[in-house]
Every structure is written in C-alpha cells, then in structure tokens.
Amino acid sequence: MIAGYGSKPVFQYKFRPLLQDQRAMDGGFCVILYENRILSFSTYRVDGSFIDELCFSLPVRVIQCFYGLLRNAGSWLGDTPCDLRGASITPYASSFAFDGYDPIRVWGINDLLCQPAGSQAGFFARHLYVLFEDVANLLAENGIRLTLDGFTWDTEKIHPFRKGQLYSSGRQSVI
C-alpha cells in the first residue's frame, strides 16, 4: 500500500497544544515515517478529530540513515521513561515513538531541556531532543521542515500526495 498503510511505522511524532490562546482552534499534528519511505502528516481539530492527511515519498537513503540514528541512540533510548514532565503548566505536549521502543510522552520539553546536568528527566529530554533534531535534519535534506511545534515543506523540493494517489514526474495519478 502506498500511503504507509500496511507498512510498519518506524518513527512517529505527535504535537498537541494545551493552551488554546496560543494556537486558536489547533488540535495539533502527527508525523509518521513508514518503513516503505512514506511520510504521513496529519492535522487535528481541538477536539482531537481528524482534519487532513498529506503524504510524502522519500528516498531509500532516509530509512537507511534513520536506522543508523536509531542504532546510535540504542544505548539510552530503551531506558528512557515513557512519561517525562517539566513544568506544571506547559503550552504543548509531545509524543515520540521510535521503531522497537515504547512511545515517550513529554510535557514541557523546553523546561526539561534546562534541567540540571544531574537530572534524570533533563538527561533523557536532551538526548531525545538531539535524536529528534537528527531526524528533523534528515527530513530537511529532502525539503521537509519538522520542528517541535510545526511542520512545513519546500514545494521546490518535494510534493505531497493524498492516500490513493502517487506523485510522479510532476503529475498526480490515482492508484
């Protein structure tokens, strides 16, 4: 199946705003990289209901590099708590999932990044953030910009398609 469905997800990032005054009517987004090189970007309403999904076809090299990053993170990723919390009031929550590891929910990652060097939560938040940035840099090489609270793409480098369509040679054709 072309749009990632039926293929195993190898990376997933979810962003959910918690303070609606900052991002009115925004329920967040989810990015999933599948083993078949399809990247899915979904958006949601405040009530959590689905709005839309766009997909991107990435080169084989992305998956190869992703697994290299995952191998390098293996020494600490399996020990990361599944729930990391910073300040009691935070503008958004994030969830990170990497192939073969339990999902990690993070509230207040910016606060956690500033924790003292000896702090367990700070240690894991900093490592998690660096791995996220490495994945984001890998995607950026292919025209996709992923940040903790945003997702955009360079239409000069990459073109989205919808489930059931394949983007090829500047034309969309239904599969």
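Taken together, the residues in the range 113-153 that are in a strand (DSSP E or B) and of a type outside the set (D, E, K, R) amount to 7. Each residue in the range 53-72 was checked for being open to solvent by less than 50 Å² (accessible area, probe 1.4 Å) and not in a loop (DSSP other than H, G, I, E, B), and 11 of them qualify. Is it true that S75 is over 26 Å from G28 (Cα atoms) and surrounded by fewer than 17 Cβ atoms within 10 Å (Cβ to Cβ)? Answer is yes for this residue. Of the numbered criteria (1) under 14 Å from K163 (Cα atoms); (2) modelled with pLDDT under 95, the one F41 fails is (2).
If you check P91, P81, which single one turns out to be farther than 30 Å from E35 by Cα, in contact (Cβ under 8 Å) with a residue 12 or more places away in the chain and surrounded by fewer than 17 Cβ atoms within 10 Å (Cβ to Cβ)?
None of the other options fit; the residue is P91.
Of all residues in the range 38-52, those satisfying the criterion of being touching a Ser or Thr at 6+ places or on another chain (Cβ under 7 Å) and open to solvent by 20 Å² or more (accessible area, probe 1.4 Å) are F50, I51, D52.
The values are calculated or read from the model by the stated rules, or taken from the named source; none is laboratory data. In this text the structure is predicted, and so the values were computed from the model without any measurement. Here Cβ is always computed from backbone atoms with ideal geometry, including for glycine, and neighbour counts include all displayed protein chains. Only protein heavy atoms, including side chains, enter the accessible area calculation; ligands, DNA and RNA are left aside. Shrake-Rupley method; radii C 1.70, N 1.55, O 1.52, S 1.80 Å.
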